[in-house]
Amino acid sequence: MASPQKTSEHGFFQGNFPGGISTASHSQGSFIMAQITIRFFAIAFTLAAIPVMITAEEPISLFGMAISPSYKQSSAMKFLLGANATVCAFTVLSLLFVWPLRRSGSKHINYFLLHLHDMVMTLLLMSGCSAATAVGYLSQYGQPETYWSPICDIVKKFCHQILISTVLSYLAFFCYLALDILSVHKLLSRETE
């Protein structure tokens, strides 16, 4: 004879699994696992984007002058590099903050602070990626109206590395966008409990 299953009065999502694990604790475990996994991806993407940006150089000779384009010559690229470094460091620190949330009795304010952190990191990455994209577009296509010539025909390797670094930064941005959505979902679901 099967033992009776206890279910909560809060609805379908608060019931028990047949193995005796409540869906609330399973949901909490899934939330923490998703948070940690996505944060590791964000760390990996930002950590990979940094050396690609730093090593982006291609010395050339143009009209008898030696030129070596570098990320240091563009404030947008320096900003993206700083944004990636900042997000990487704060993501590592945020892992220390996420781990205690695995307990089911975590306070509502902790989830809000986590969401606030994620929003700031998302905005930082979005602004860095946007600035780098604008400069990259001008480097690739130029702007004839203002006599800005494209340079990527001359320094293809440099432009390719900047593109790779920017794409990695965008991937980190999408990781943080997913973290924001998870945090908002968790905040809203905690209010209904």
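The values are calculated or read from the model by the stated rules, or taken from the named source; none is laboratory data. The shown structure was predicted, so the numbers you read here are calculated from the model rather than taken from an experiment. In this analysis, Cβ positions are derived from the backbone assuming ideal geometry, glycine residues included, and neighbour counts consider all displayed protein chains. The area values use the complete protein model at the heavy-atom level, side chains included, leaving out ligands, DNA and RNA. Shrake-Rupley method; radii C 1.70, N 1.55, O 1.52, S 1.80 Å.
Things to note:
- Search result, residues across segment 129-168 that are in contact (Cβ under 8 Å) with a residue 24 or more places away in the chain and among the β-branched types (Val, Ile, Thr): 133, 135, 151, 154, 155, 162, 164, 166
- Checked against the criteria, residue 136 does not count as at negative phi, open to solvent by less than 20 Å² (accessible area, probe 1.4 Å) and modelled with pLDDT of 90 or more.
- Conditions (1) within 18 Å of residue 32 (Cα to Cα); (2) open to solvent by 70 Å² or more (accessible area, probe 1.4 Å): number failed by residue 91: (2)
- Residue within segment 65-82 that is open to solvent by 70 Å² or more (accessible area, probe 1.4 Å), among the hydroxyl-bearing types (Ser, Thr, Tyr) and out of contact with any His (no Cβ under 7 Å at 6 or more places or on another chain) present: yes
- Conditions (1) touching a Ser or Thr at 6+ places or on another chain (Cβ under 9 Å); (2) over 19 Å from residue 56 (Cα atoms); number of the one not met by residue 159: (2)
- Matching residues in segment 37-49 - criterion: being open to solvent by less than 30 Å² (accessible area, probe 1.4 Å) and either farther than 19 Å from residue 102 by Cβ or of a type outside the set (Lys, Arg) (or both): 42, 43, 46, 49
- For residue 130, the stated conditions do not hold, so it cannot be described as at pLDDT 85 or above, more than 16 Å from residue 188 (Cβ to Cβ) and surrounded by 18 or more Cβ atoms within 10 Å (Cβ to Cβ).
- Scanning segment 56-69 for residues that are touching a strand residue (DSSP E or B) at 6+ places or on another chain (Cβ under 9 Å), free of Cβ contacts under 8 Å to residues at least 40 places away in the same chain and not β-branched (Val, Ile, Thr) yields 59, 61, 66, 68.
- When residues in segment 163-185 are screened for being within 17 Å of residue 27 (Cα to Cα) and surrounded by 21 or more Cβ atoms within 10 Å (Cβ to Cβ), 2 of them pass.
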